[in-house]
Amino acid sequence: MTDFESCLGCAESDGAAAHAAPDRLATREPPPHRPVPAVVSLTVVPGKGKAGERERETLHVEAGEVVCVVGPTGSGKSRLLGDIECLAQGDSPSGRRVLVNGEAPKPEWRFAAHQKLVAQVSQNMNFVVDLSVAEFIAMHAECRQVADPRRIAREVIACANDLAGETFGGGVSLTQLSGGQTRALMIADTALVSASPIVLIDEIENAGIDRKRALALLVAREKIVVISTHDPILALMGGRRAVVRHGAVAAILATSAEERTHLARLQEIDQAMLDLRQRLRTGERVGALPPILSGTKPWTR
Amino acid sequence: MRLITVAGPPSVGKTSVIVKTAKILVERGARPGVVKFDSLSTSDDVVFRRAGLQVAVGLAGGVCPDHFFVSNIDDCVQWADRAGLDMLIAESAGLCNRCSPHIRGVAAVCVVDALSGVHTPRKIGPMLKLADVVVITKADIVSQAEREVFAHHAHLANPKAALLFFNGVTGQGAAELAHHLAAAPRIAALEGERLRFPMPSAVCPYCIGETAIGRAHQRGNVRKMTFEDTAL
Ligand SMILES: Nc1ncnc2c1ncn2[C@@H]1O[C@H](COP(=O)(O)OP(=O)(O)O)[C@@H](O)[C@H]1O
Ligand SMILES: [Mg+2]
């Protein structure tokens with residue numbers, strides 16, 4: 001098939017057309033399918049806040065690390081993630097610059113839309129394609145040139161079921177998944193199929209997924225994970241948290257030993273709430289509250 | 001004068017892409033204007049004017065909008081010259097995937113919408129396959145996996161094009177597109193230039209206004225469908 005015919009999308013050809021060789025502006029080489037480079041660190045060089053004030057804190061994250069971003073609604077959490085996503089070079093509203101492995105990323109990595117360094121899961125995202133879960137994940141794996149797309153699709157689904165609690169099979173349509181199943185599948189797919197070494201997660205707390213396992217899954221792949229959140233449990237799960245105020249990173253706090261102790265108890269409370277939710281959902285009555293919720297259980301220090 | 005053709009199916013966000021990118025070009029000292037081609041009516045000119053851009057409108061009426069485009073584009077370039085512009089962005093109606101307004105030696109942009117489904121890049125013809133830059137809009141509201149698959153399919157359909165994501169609401173991607181447009185080749189006029197892909201001509205009675213249905217009117221270059229149960 002000639003280029004011309006392939007342009008029509010079928011082998012059909014009409015006489016007059018046969019003379020027209022397709023032409024292009026530039027004689028650029030096709031972008032080679034390079035492996036995504038190893039990313040060992042990510043640095044967000046300070047820019048300015050919403051009122052133009054200088055940002056003081058530099059955010060530096062290494063592979064296998066989880067950093068959370070906290071701050072009131074409108075403070076600039078999503079902007080910070082957006083700057084990382086587009087690997088800003090002083091050309092976003094914040095003026096921040098993002099370095100990969102200590103250097104400004106090459107333009108082909110900034111703009112290679114089909115091979116991005118950064119993957120994202122956010123509350124606004126949905127599956128829109130009309131395919132079954134297994135078909136689509138296998139299609140994604142094929143794009144990634146994974147050796148056995150069907151096998152990896154099964155792994156992704158098993159993994160998503162692990163995260164979501166409410167299980168689903170590979171034959172179900174993507175658009176029929178619940179919110180929790182959707183986020184769980186997105187995270188499992190990002191961890192197992194996507195080659196992007198940097199993962200951004202923007203406020204997915206209400207999705208009802210197992211946050212601890214989700215993070216463990218991503219971190220196990222040596223990804224750099226940056227999560228914007230209002231959820232205390234998620235915020236304390238990160239090794240550090242960046243506090244955003246008026247559009248600028250105002251402080252970076254390491255999760256303290258004390259906070260980590262609280263984390264265990266907060267997770268117990270959270271689990272008790274989830275159990276309660278599950279009982280209400282299935283039509284049960286709530287009898288005596290479990291000790292952790294009725295206040296009878298002493299603090300475990 | 002730098003000319004840029006922007007094509008893409010309806011409602012993909014061509015107008016927002018142009019407005020957001022032109023804003024950056026203006027900040028960088030360029031004087032871009034727009035010509036909007038459409039078939040029956042358009043209100044995009046209001047949007048462009050509100051953004052401070054000079055705009056001309058071409059309504060094709062009963063003629064194929066792409067044919068109308070190619071018969072008028074050189075006049076548009078002359079208009080832009082007279083209007084003191086140094087860049088003209090031509091937004092097409094984008095109604096049919098068979099035609100393509102892209103011209104040899106003129107920067108060509110195709111805008112597609114990630115919401116339209118991962119198979120779309122393969123279904124769009126020369127409009128996408130012969131573009132220099134493929135802009136993918138609305139990628140922020142589909143899953144990461146769908147973005148990746150969509151971009152991969154666009155890359156397979158047109159391996160030489162620069163591919164970029166564009167958020168029509170926040171303008172993310174505009175700086176990158178502006179960079180491509182600013183590097184578009186200069187032209188003086190289009191007389192003697194060629195389209196990258198031929199457009200089919202009016203070859204049957206329906207092209208020139210026939211409304212009656214029936215075998216008697218199916219004259220000229222007619223192609224009939226074949227069905228499994230009637231095939232030889
Ligand atoms: N440093 C900054 N400079 C300019 N605008 C900013 C900055 N940080 C945030 N903004 C803008 O403020 C608005 C709210 O920020 P956003 O990131 O959505 O907040 P959050 O995600 O914390 O709710 C957005 O329009 C964003 O672009
Ligand atoms: Mg936000």
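Throughout, read-outs are computed from the coordinates displayed, never taken from laboratory work. What you are looking at is a predicted structure, and each value in this text was computed from that prediction instead of being measured. When we count neighbours, we look across all protein chains shown, and the Cβ atoms used for this are built from the backbone with ideal geometry, even at glycine.
Find how much the distance from B:Met225 to B:Ser39 grows on full extension, using 0.36 nm per residue of separation minus their present alpha carbon separation; answer in nm with one decimal.
On the way: separation 186, 0.36 × 186 = 66.96 nm, distance 2.75 nm.
Net length gain for the segment: 64.2 nm.
Here A:Gln271 and B:Glu27 are evaluated by their C-beta separation; at R0 = 60 Å the FRET efficiency comes out at 0.70. Counting only the backbone N, which residues of segment A:239-256 are under 18 Å from the spot 7 Å out from the Cα of A:Ala51 toward its beta-carbon? Only A:244-251 fall inside the zone, counting backbone N under 18 Å.
Between A:Thr175 and A:Asn124, 0.36 nm times their residue separation minus their Cα-Cα distance comes to what?
Details: separation 51, 0.36 × 51 = 18.36 nm, distance 1.44 nm.
So the extension gain works out to 16.9 nm.
Given +1 at the Cβ of Lys and Arg, -1 at the Cβ of Asp and Glu and no other charges, the dipole of segment A:257-301 around its Cα centre is 140 debye to the nearest 20.
The charge dipole of the protein assembly as shown, taken about its Cα centre with unit charges on the Cβ of Lys, Arg, Asp and Glu (plus for the first two, minus for the last two), comes to roughly 860 debye.
Just to confirm my numbers, what's the Cα centroid distance between segment A:154-190 and segment B:32-97 in Å? Between the Cα centre of segment A:154-190 and that of segment B:32-97, the gap is 46 Å. Rounded to the nearest 500, the 222 nm mean residue ellipticity of chain B from helices alone is -9000 deg cm²/dmol, with -39,500 (n - 2.57) taken per DSSP H run of at least 4 residues. When you filter the GluC sites (Glu not before Pro) in segment A:109-189 for DSSP loop state and at most 13 other Cβ atoms inside 10 Å of their Cβ, you are left with A:Glu166. Given points 7 Å out from each Cα along the Cα-Cβ axis, report the A:Ala195 to B:Asp75 separation in nanometres with one decimal. A separation of 5.0 nm, rounded to one decimal place.
Sequentially through segment B:214-220, phi angles give Karplus couplings (6.51, -1.76, 1.60; θ = phi - 60°) of x, 3, 4, 9, 8, 10, x Hz, Gly and Pro residues having no value and appearing as x.
The string of couplings for segment A:230-246 from the Karplus curve (6.51, -1.76, 1.60, θ = phi - 60°) is 10, 8, x, 5, 4, 4, 7, 6, x, x, 9, 9, 8, 9, 9, 9, 6 Hz, one whole number per residue in order, with x for Gly and Pro. Spin-label pair B:Leu95-A:His262: with each label point 7 Å from Cα along the Cα-Cβ axis, the two points sit 6.3 nm from one another.
As an exercise, take the mean of 1/r over every pair of distinct alpha carbons in segment B:2-182, invert it, and state the Kirkwood radius in angstroms.
Numbers: mean 1/r = 0.0619 Å⁻¹.
Final number for the Kirkwood radius of segment B:2-182 is 16.2 Å.
Label reach from A:Arg150 (point 7 Å along Cα→C-beta): in segment A:165-205, amide nitrogens under 15 Å belong to A:170-171.
Distance between the modelled labels on A:Glu166 and B:Arg186, one decimal in nanometres: 6.2 nm (7 Å Cα→Cβ projection). How would you classify segment A:58-125 from its alpha-carbon gyration tensor, with a ≥ b ≥ c the square roots of the eigenvalues: rounded for a/c under 1.5, else prolate if a/b is greater than b/c, otherwise oblate? It is rounded, given that a/c, with a ≥ b ≥ c, falls under 1.5. Hey, which of these cross-link pairs are over 20 Å Cα-Cα: A:Lys50/A:Lys77; A:Lys116/B:Lys138; A:Lys223/B:Lys138; A:Lys212/B:Lys138; A:Lys116/B:Lys14? Checking Cα-Cα distances, A:Lys223/B:Lys138; A:Lys212/B:Lys138; A:Lys116/B:Lys14 exceed 20 Å.
Exposed loop sites here are GluC sites (Glu not before Pro) in DSSP loop states with at most 15 other C-beta atoms within 10 Å. What is the longest stretch of chain B lacking them? Could the numbers behind the result be given before it?
Working: sites that count: B:Glu191, B:Glu193, B:Glu210, B:Glu228.
Counting at most 15 other Cβ atoms within 10 Å as exposed, the longest clean stretch of chain B is B:1-190.
Take peptide B:159-170, look around each residue's Cβ out to 10 angstrom, count Cβ atoms belonging to other protein chains, and average those counts. Present the calculation step by step, with values, prior to reporting the outcome.
Values: counts 7, 8, 6, 7, 6, 4, 5, 1, 2, 0, 0, 6.
Mean inter-chain Cβ contacts per residue within 10 Å come to 4.
In order along segment A:146-162, phi translates into HN-Hα couplings of 6, 4, 10, x, 5, 5, 5, 4, 5, 4, 4, 5, 4, 5, 5, 5, 4 Hz, rounded to whole numbers, per the Karplus curve 6.51 cos²θ - 1.76 cosθ + 1.60 with θ = phi - 60° and x for Gly and Pro. For A:Val244, the residues whose amide H sits under 5 Å from its own are A:Val70, A:Gly71, A:Ala250, ignoring neighbours fewer than 5 places away on the same chain, with H placed 1.01 Å from N. Alpha carbon centre of segment B:184-214 versus segment B:151-174: separation in Å? Distance between centres, Cα-based: 27 Å.
In terms of its alpha-carbon gyration tensor, segment A:257-301 comes out oblate; a/c meets the 1.5 threshold, while b/c is at least as large as a/b. Measuring between their Cα centroids, segment A:43-97 and segment B:1-29 lie 28 Å from each other. Once the C-beta distance of A:Thr73 and B:Val63 is scaled by a Förster radius of 56 Å, the resulting FRET efficiency is 0.60 to the nearest 0.05.
Pairs of alpha-carbon atoms within less than 8 angstrom and 6+ residues apart define the contacts here; what relative contact order does chain B have, in percent? Walk me through the numbers before you get to the answer.
Working: 421 pairs, mean separation 57.6, N = 232.
Value for chain B: 25 percent.
Taking amide hydrogens as placed 1.01 Å from N in the peptide plane, the amide H of B:Val111 sits under 5 Å from those of B:Ala7, B:Gly8, B:Val135, each at least 5 positions away in sequence or on another chain.
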